[in-house]
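A.B. asks: Quick one: this structure, given as structure tokens, is what I'll be asking you about.
The values are calculated or read from the model by the stated rules, or taken from the named source; none is laboratory data. Since this is a predicted model, take the numbers as computed values, not measurements. Neighbour counts are summed over all protein chains in view; Cβ atoms, including those assigned to glycine, are modelled from backbone coordinates with ideal geometry.
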Amino acid sequence: MKSQKLLLLLICSLPLLFAGAIEAAPETTSNLTMGDAINKAGRQRMLSQRIVKAYALVGQKVMLSANMQLRDAVVLFEKQLAELTDFAATDEEKKTIEEVSRLWEKYKKLATAKPTKAKAEQLTAMSDEVLAKAHKFVLLLQDRSGTNAGKLVNISGRQRMLSQRIGKFYVLRSWGLDNPEYELGQNKAVEEFTDALKLLQSAPENTSEINDALAKVEKDWDTFKISKQLKGGNYIPSLVVRSLDKILGQMNYITALYANIAR
């Protein structure tokens with residue numbers, strides 16, 4: 001019962017929708033476990049992409065919920081940044097999270113200003129900088145965990161990011177930003193999601209609950225790949241975004257399950 005309550009808390013911490021033994025790990029003043037930290041650090045990657053997606057949706061005025069998505073993503077990123085800053089223990093972790101914090105201040109200022117096409121490209125470039133630093137921090141935590149479960153949490157958590165990265169590029173293109181890099185980025189993210197889904201499905205650590213959840217993701221992923229096709233040359237951002245957000249919610253749930261395995 002206790003583990004079920006903990007799992008529910010992890011799932012509900014995302015607005016939408018491992019701890020393993022750490023040998024010789026440095027002391028921290030944070031109440032987070034290693035599993036919690038990898039999960040939340042991985043979620044920062046997702047939020048870096050979700051913010052741009054929501055920003056572009058607000059700019060296009062195509063979804064009533066876009067303003068709330070943007071606001072909630074900014075609030076959650078900042079909250080988790082404070083938690084992860086407290087959790088950082090090694091010199092490299094502290095240096096990296098400080099770099100994330102510096103980038104975040106500039107990124108947040110731009111993301112919370114009135115959306116314009118002129119600023120969207122700048123915000124997109126900054127989102128990739130934040131993503132790169134956030135990903136580096138995840139890898140540092142994964143290395144400190146020293147467990148394969150930590151790797152699974154990282155991979156599963158990265159699927160959340162890829163769902164929003166795909167959405168980011170799609171919505172930017174639907175807004176009329178015809179940067180060829182956006183189509184390439186979208187296609188690459190689709191390929192990476194497909195490959196990682198297969199890897200997760202083959203993990204020996206999987207429970208029956210995880211396998212069932214991954215099967216649902218695979219079904220919805222196949223549906224998404226059909227839904228993202230242009231209809232008569234027109235983009236359908238609201239349909240594609242809803243499809244990707246459903247997958248995001250599922251991957252958030254699965255990531256929490258992996259985090260619970262290593263507890």
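A.B. asks: For residue 36, which of the numbered conditions (1) within 12 Å of residue 141 (Cβ to Cβ); (2) surrounded by fewer than 19 Cβ atoms within 10 Å (Cβ to Cβ) fails to hold?
C.D. replies: If we test residue 36 against (1) within 12 Å of residue 141 (Cβ to Cβ); (2) surrounded by fewer than 19 Cβ atoms within 10 Å (Cβ to Cβ), just (2) comes out false.
The rows are residues; the columns are (1) assigned to a helix (DSSP H, G or I); (2) at pLDDT 95 or above; (3) touching a Lys or Arg at 6+ places or on another chain (Cβ under 6 Å).
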| residue | (1), (2), (3) |
| --- | --- |
| 176 | no, no, no |
| 185 | yes, yes, no |
| 188 | yes, yes, no |
| 210 | yes, yes, no |
| 219 | yes, no, no |
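A.B. asks: Among the residues of the range 103-119, what is the count of those that are buried (at least 21 other Cβ atoms within 10 Å of the Cβ) and in a helix (DSSP H, G or I)?
C.D. replies: In the first step, residues of the range 103-119 are kept if they are buried (at least 21 other Cβ atoms within 10 Å of the Cβ); the result is 104, 107, 111, 115.
Retained after the next criterion (residues that are in a helix (DSSP H, G or I)): 104, 107, 111.
Residues that pass the stated criteria total 3.
A.B. asks: For residue 118, all conditions in the list (1) within 25 Å of residue 68 (Cα to Cα); (2) modelled with pLDDT of 95 or more hold save one; what is the number of the exception?
C.D. replies: (2)
A.B. asks: So residue 192 passes all but one of these: (1) modelled with pLDDT of 95 or more; (2) charged (D, E, K, R); (3) more than 27 Å from residue 250 (Cβ to Cβ). Which condition number does it fail?
C.D. replies: Going through the list (1) modelled with pLDDT of 95 or more; (2) charged (D, E, K, R); (3) more than 27 Å from residue 250 (Cβ to Cβ), residue 192 breaks only (3).
A.B. asks: Taking the range 29-46 as the region of interest, how many residues are modelled with pLDDT of 90 or more and aliphatic (A, V, I, L, M)?
C.D. replies: 4
A.B. asks: Got a sec? Which of 176, 157 is out of contact with any Pro (no Cβ under 6 Å at 6 or more places or on another chain) and at positive phi? Show your work before the answer.
C.D. replies: On the way: 157 fails: at positive phi.
Only one candidate passes the filter, namely 176.
Conditions tested, residue by residue: (1) surrounded by 14 or more Cβ atoms within 10 Å (Cβ to Cβ); (2) under 21 Å from residue 121 (Cβ atoms).
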position	(1), (2)
182	yes, yes
187	no, yes
197	yes, no
204	no, no
208	no, no
214	yes, no
246	yes, no
250	yes, no
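A.B. asks: What residue, of 143, 86, is modelled with pLDDT of 95 or more, of a type in the set (Asp, Glu) and surrounded by fewer than 16 Cβ atoms within 10 Å (Cβ to Cβ)? I'd like the intermediate steps shown before the answer.
C.D. replies: Numbers: 143 fails: modelled with pLDDT of 95 or more.
On inspection, the qualifying residue turns out to be 86.
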